[in-house]
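The values are calculated or read from the model by the stated rules, or taken from the named source; none is laboratory data. Everything quoted here is computed from the prediction, not taken from an experiment. Methodologically, a virtual Cβ is constructed for each residue, glycine included, from the backbone with ideal geometry; neighbour enumeration extends over all protein chains shown. These area figures cover heavy atoms from the full protein model, side chains too; ligands, DNA and RNA do not enter into them. Shrake-Rupley method; radii C 1.70, N 1.55, O 1.52, S 1.80 Å.
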Amino acid sequence: MPVINSAKTDPNKILPLHYPWARRHYKAGVANNWVPEEISMQKDVEHWKSDHVLTADERRMVLWNLGFFSTAESLTANNIVLAVYHHITAPEARQYLLRQAYEEAIHTDTFIYCCDTLGLDPDEIYTMYETIPSIKEKDAFVVGLTQSVFSPTFSTEGDDNVRRFLRDLVGFYVIMEGIFFYAGFAMMLAMRRQNKMVGIGEQFEFIMRDESIHLAFGCDLIQTIRAENPGVWTAAFEAEILGLVEQAVTLEQRYAWDACPNGLLGINAEQFCQYVEHIADRRLERLDMPKRYGTPN
């Protein structure tokens, strides 16, 4: 039963399973279940209100990450609900997508919780995707890869349309969740290791666990579509995917310099840029493509 374009599949009949990998990812997501209110932010409030705990650069880095993630999670959720789910015909894959949509709602709730607890200006945080160029560029890049899939007349019939759908999946699963999110994760977890903004850091750790499963599911979905549509993944299309990953790395490195321009204790923009290259190589390998950068972790 094809994972897309199967007229014979009853989406209400999940058994027998044809794609056990989708079921495994669903169970892994359930095992990682959490909600932000379980995590205390008392220390974060104390750090944020203090005049001597956080430097101006550290505050900037926290705000930049809250600003990017608060809208990026909504874009990801919209893509699942309004585009991807509609075109998936395998019921076990749909079950996972429902689970992922719930997790994206939890992530969105996380940033509401952070803003409310710290007393941040929501107009500042939730408009950064329009006012901060390095954030705006990342969001616009991914949205630009997926616009045709949102059309009510779009279908995944035919090789060209399957490629458009794969572009969407690469855009959100590999680039947005697999590359763009990871410099931000590294920044906030580095803060937590210094015992600063530990509540937000713990929430980011839980989000990273979710995103790791999202990434694994997305890559399995891409590889399954690729295997079931062997004429789609041409040398030219692979070269296009590589070009998109290279553009994504450039945009994420620009964001790293923007969010952390002067460097902090033990971490700096150059290290984040190297980490992004390492992460990008791992994503390419997951798609059975050769490394591009060869940068160590």
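Based on the reciprocal of the average 1/r between different C-alpha atoms, the Kirkwood radius for region 137-236 equals 15.2 Å. Rolling a 1.4 Å probe over the protein heavy atoms of the chain, with every protein chain left in place, gives an accessible area that is 53 percent carbon and sulfur. Note: relative contact order over the chain, using C-alpha pairs below 8 Å and six or more positions apart, is 24 percent. Could you compute the FRET efficiency for Glu246 and Arg193, with r as their C-beta to C-beta distance and R0 at 25 Å, rounded to 0.05? E(calc), rounded to 0.05, equals 0.25.
Debye-formula intensities of region 108-167, expressed as log10 I(q)/I(0) at q = 0.16, 0.22, 0.29, 0.30 Å⁻¹, are -0.69, -0.86, -1.09, -1.12 (one equal scatterer per alpha-carbon, no solvent). Measuring nothing but alpha carbons in region 213-269 and taking Rh as the Kirkwood radius, the Rg to Rh ratio lands at 1.20.
Rounded to the nearest 10 degrees, the angle from helix 235-259 to the longest Cα principal axis of the chain is 10 degrees. Have a look at Cys115, Leu98, Ile175 and report the one farthest towards the positive end of the charge dipole of region 78-222, computed about the Cα centre with Cβ charges (Lys/Arg +1, Asp/Glu -1). Value: Ile175. Taking Cα centre as origin and charging only the Cβ of basic (Lys, Arg, +1) and acidic (Asp, Glu, -1) residues, the dipole magnitude of the chain rounds to 780 debye.
Need one number: the % of Cα-Cα pairs in the chain sitting beyond the 30 Å mark. Everything past 30 Å amounts to 31 percent. Taking all Cα-Cα distances within region 233-297, those exceeding 15 Å account for 53%.
Note on region 71-221: Rg/Rh from Cα positions, Kirkwood definition for Rh, rounded to two decimals, is 0.99. Between the helical axis of 198-228 and the longest alpha-carbon principal axis of the chain there is an angle of about 20 degrees. The relative contact order of region 201-297, computed from alpha carbon pairs under 8 Å that lie at least 6 residues apart in sequence, is 19 percent. The value for region 49-103 of Rg(Cα) / (2.2 N^0.38 Å) is 1.76. In region 147-297, the alpha-carbon atoms span a convex hull of 115 Å³ per residue. Under the definition of Cα pairs under 8 Å and six or more residues apart, what whole-number percent is the relative contact order of region 104-240? The normalised contact order for region 104-240 reaches 22 percent. For the chain, set up a Gaussian network in which alpha carbons nearer than 10 Å are linked by springs, and say which option among Glu238, Glu277, Glu246 fluctuates the most. Highest fluctuation of the listed residues: Glu238. Shape analysis of region 1-109 based on the Cα gyration tensor places the equivalent ellipsoid semi-axes at 40, 15, 9 Å, largest first.
Along its three principal directions, the equivalent ellipsoid of region 82-141 from the Cα gyration tensor extends over semi-axes of 30, 17, 6 Å, largest first. Considering only Ala235, Thr146, Ile132, the residue lying farthest towards the positive end of the dipole of the chain is Ala235, judged by Cα position with unit charges set on Cβ.
The separation of region 38-66 from region 80-151, counted between C-alpha centres, amounts to 24 Å. In this entry, region 153-210 is assigned a mean projected area of 4.9 nm², taken as a quarter of its C-alpha convex hull surface. Annotation: extensible slack from Ala140 through Leu82 equals 19.1 nm (criterion: 0.36 nm per residue apart, minus Cα-Cα distance). Axis angle, to the nearest 10 degrees, between helix 91-118 and the longest C-alpha principal axis of the chain: 10 degrees.
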